[in-house]
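The values are calculated or read from the model by the stated rules, or taken from the named source; none is laboratory data. For clarity, every value in this text was computed on a predicted model and none was experimentally measured. Glycine also receives a Cβ, built like all others from the backbone with ideal geometry; neighbour counts cover every protein chain displayed. These area figures cover heavy atoms from the full protein model, side chains too; ligands, DNA and RNA do not enter into them. Shrake-Rupley method; radii C 1.70, N 1.55, O 1.52, S 1.80 Å.
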Amino acid sequence: MTMNSQHLNDLMSFLDNSPCNFFAVKTISRILDENGFTRLDPRDKWNLKKEGKYYFTKNDSALFAFVTAAETVENGFKIISAHSDSPGFRIKPNAEMLTDGNILKLNTEVYGGPILYTWFDRPLSIAGRVIVKTDDPLRPETRLLKIDRPVLTIPHLAIHFNRAVNDGNPLSKQKDMLPVIAKLNDIAEKDNFILNLIAGELHVNASDILDFDLSLYDTTPACTVGVNNEFLTSGRIDDLEMAHAAVTALLESESTHMTRIAAIFDNEETGSGTKQGACSPVLMNLLMRINESYGGNFESYVRAVNSSFMISADNAHGVHPNYVEKQDPTNHPVLGQGPVIKINANCKYMTDADSAAVFKAICQRAGVPCQTFVNHSDVAGGSTLGNILTSQIDLRGVDMGAAQWAMHSVRETAAVADIDYTIAAFREFFNC
């Protein structure tokens, strides 16, 4: 299979422009706008047309793009789901903390399950959304903020003060992981420091800022590594690689026999229990609205769901060159050798023999190699979008992802080859 360097370049640009969930959705929205998709508002009455291209967002951090079928909704839905969020740090309210020498640090809260050590001694900055008041209390204005220069660092304690640091050192999220943002000339600068910084960046009055959802991010750009540039290293590969692949395949596919959907949820890293997460009825509501646009009723909706298939796309653990023993003895997904089907006997993934067979057949038709991941039996695995969604919608489907290293590190590593393999499999799924 010939590699498409444009896919790599597009993914690297997407990663660099998506330092947090809000910017991931903004970037995807721009791509969809440029490719003729119509943005919908869930509050409006929709007038969907056959073979129409549409999308909408939820809470600025989840996005659902779809192309409607040419004939009937009862042929079903082809769905690829992924998520926009990644583990890291959120800035708390009243975050300013002044220390000796007028050094200002910020009070933060851990989001999800990051590998804490990887965040030390890096050039960090701030991104997210800021809520600004308007004349209507129920409709404040949302502004996105991305400070493009490094403004923070989390300094590690010198080894001279902890000689056992390399033997294992438990970390306090409240004490050890707080980032430094400034050395103040006057302690009075501490008051409303973050609000004043935000106001200056957005050119608004600090008094008009009602609240914010702001995260830290590593400012180091995505890049390739390896003698032959065979690996990609970046923040947020989990799960923006799959979000990018889902949207790219939607744009590159053509079949309208069935309605095609790319569903990018938020808050997977914290359990999906939000209105923009997979536990919410947002996808079910979308399917019902599409069904109604074709004049369908409850029976046609049920028939459509039972004719549907979903790929739950969330990256997988590739075998680590230094920790082979952590993997299952007979299932070793390798970076660069194709998409990974994720299997769990206790139904933490939605994969079963039927859905795994479907995905394997799709990969074969696309000329793409395929692998399997099963947890080492002594290691408990996590759940994904797939089994959460099937608690509401009785979809056939498979859990899969591209193999990667250092999942939940501030910088993760994936294989360049798997970018094209995954997109090709997704494109074949939408077209078959």
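Quick one: net charge around Asn192, please, counting Lys, Arg +1 and Asp, Glu -1 for every other residue with C-beta under 13 Å from its C-beta. Could the numbers behind the result be given before it?
Numbers: positive: Lys190; negative: Glu96, Glu189, Asp191, Asp208.
Neighbour charge sum, excluding Asn192 itself: -3.
Given a Förster distance of 41 angstrom, what is the FRET efficiency for Arg289 paired with Asp208, based on the Cβ-Cβ distance and rounded to 0.05? Display every interim value, and only then the final one.
Working: r = 35 Å, r/R0 = 0.86.
Once the sixth-power term is evaluated, E becomes 0.70.
Can you send over the carbon and sulfur percentage of the accessible area for the chain, probe radius 1.4 Å, protein chains only?
49
Considering amide H positions built from the backbone, and no H for Pro or chain starts, which residues 5 or more places from Thr108, or on another chain, come under 5 Å of its amide H?
Lys92
Between Val204, Val225, Val132, find the one with the highest GNM mean-square fluctuation for the chain; connect C-alpha pairs within less than 10 Å.
Looking only at Val204, Val225, Val132, the biggest GNM fluctuation is shown by Val204.
Using 7 Å Cα-to-Cβ label points, what is the Thr134/Glu189 separation (nm, one decimal)?
3.5
First measure r as the distance between the Cβ atoms of Val227 and Asp394, then evaluate 1/(1 + (r/R0)^6) with R0 = 60 Å and state the FRET efficiency to the nearest 0.05.
For Val227 and Asp394, the calculated efficiency is 0.80.
With everything on Cα atoms, drop me the angle between helix 237-252 and the longest principal axis of the chain, reported from 0 to 90° to the nearest 10.
That helix lies at roughly 40 degrees to the long axis.
Enumerate the residues in region 231-253 having an amide nitrogen under 20 Å from the point lying 7 Å beyond the Cα of His408 toward its Cβ.
234-243
If each of Arg43 and Phe298 carries a label point 7 Å out from its Cα toward its Cβ, how far apart are those two points in nm?
3.0
Between Arg163, Arg260, Arg90, find the one with the highest GNM mean-square fluctuation for the chain; connect C-alpha pairs within less than 10 Å.
Of Arg163, Arg260, Arg90, the most mobile in the Gaussian network model is Arg163.
Sum up the charges of everything whose Cβ sits under 11 Å from the Cβ of Val302, counting Lys and Arg as +1 and Asp and Glu as -1, but leave Val302 out. Provide the component values of the computation, followed by the final result.
On the way: positive: Arg303; negative: Glu74, Glu299, Asp394.
Computed value for this residue: -2.
Using DSSP, restrict attention to beta bridges with both residues in the chain and report what percent are antiparallel, rounded to the nearest 5. It would help to have the intermediate numbers written out before the result.
Values: 51 of 75 bridges.
Antiparallel bridges make up about 70 percent of those DSSP assigns within the chain.
How far, in degrees from 0 to 90, does helix 416-431 lean away from the longest principal axis of the Cα atoms of the chain, to the nearest 10?
That helix lies at roughly 40 degrees to the long axis.
Mean residue ellipticity at 222 nm from the helices of the chain, using -39,500 (n - 2.57) per DSSP H segment of n ≥ 4 over the full residue count, to the nearest 500 deg cm²/dmol?
Counting only the DSSP helices, I get -7500 deg cm²/dmol.
Please give the peptides 245-254, 9-18 ranked by average Cβ packing (other Cβ atoms within 10 Å per residue), highest first, as a rough proxy for protection.
Descending mean neighbour count gives 245-254, 9-18.
Between beta-carbons, use under 9 Å as the cut-off and find the net charge around Leu104, counting Lys and Arg +1, Asp and Glu -1.
It works out to a net charge of +1.
Residues in region 396-414, backbone N under 20 Å from the label point at Cys432 (7 Å along the Cα-to-beta-carbon vector): list them, ranges by number please.
The answer is 396-403, whose backbone nitrogens lie closer than 20 Å to the label point.
Are there cysteines in the chain with no other Cys C-beta under 4.7 Å, and if so, which?
Cys20, Cys223, Cys279, Cys347, Cys432
Go through region 59-76 residue by residue and turn each phi into a ³J(HN,Hα) via Karplus (6.51, -1.76, 1.60, θ = phi - 60°); whole Hz please, and just put x for glycine and proline.
With the stated coefficients, region 59-76 comes to 6, 6, 10, 10, 9, 10, 10, 8, 10, 6, 6, 7, 10, 10, 6, 5, 5, x Hz.
Report ³J(HN,Hα) in whole Hz for each residue of region 90-97, in order, from the Karplus equation J = 6.51 cos²θ - 1.76 cosθ + 1.60 where θ = phi - 60°; Gly and Pro get x.
Values per residue, Gly and Pro as x: 10, 7, 7, x, 6, 7, 5, 9 Hz.
How much length, in nm to one decimal, is gained on full extension between Asn331 and Asn102, taken as 0.36 nm per residue of separation minus their Cα-Cα distance?
Stretched out fully, the Asn331 to Asn102 stretch lengthens by 77.1 nm.
Starting from a Cα-only point model with no solvent, please compute log10 I(q)/I(0) by Debye for region 1-55 at q = 0.18, 0.20 1/Å.
For region 1-55, the Cα-only Debye profile gives -0.76, -0.85.
Using only Cα atoms and rounding to the nearest 10 degrees, what angle (0 to 90) does helix 353-366 make with the longest principal axis of the chain?
Around 90 degrees separate the two axes.
Relative to the compact globular guide of 2.2 N^0.38 Å, what is the alpha carbon radius of gyration of region 256-309, as a ratio?
1.27
How large is the charge dipole for region 292-391, taken about the Cα centre, if only the Cβ atoms of Lys, Arg (+1) and Asp, Glu (-1) carry charge, to the nearest 20 debye?
So the dipole magnitude of region 292-391 works out to roughly 200 debye.
Just reorder Met288, Met400 by solvent-accessible area, largest first, 1.4 Å probe, all chains present.
Greatest to least solvent exposure: Met288, Met400.
Using a Gaussian network model of the chain with C-alpha springs under 10 Å, which one of Ala406, Ala158, Ala380 is most mobile by mean-square fluctuation?
Result for the chain, Cα springs under 10 Å: Ala158 fluctuates most.
Through the Karplus equation 6.51 cos²θ - 1.76 cosθ + 1.60, θ set to phi - 60°, convert the phi angles of region 221-229 into ³J(HN,Hα) values in whole Hz; use x for Gly and Pro.
Here the 3J(HN,Hα) series is x, 5, 7, 9, 9, x, 4, 9, 6 Hz.
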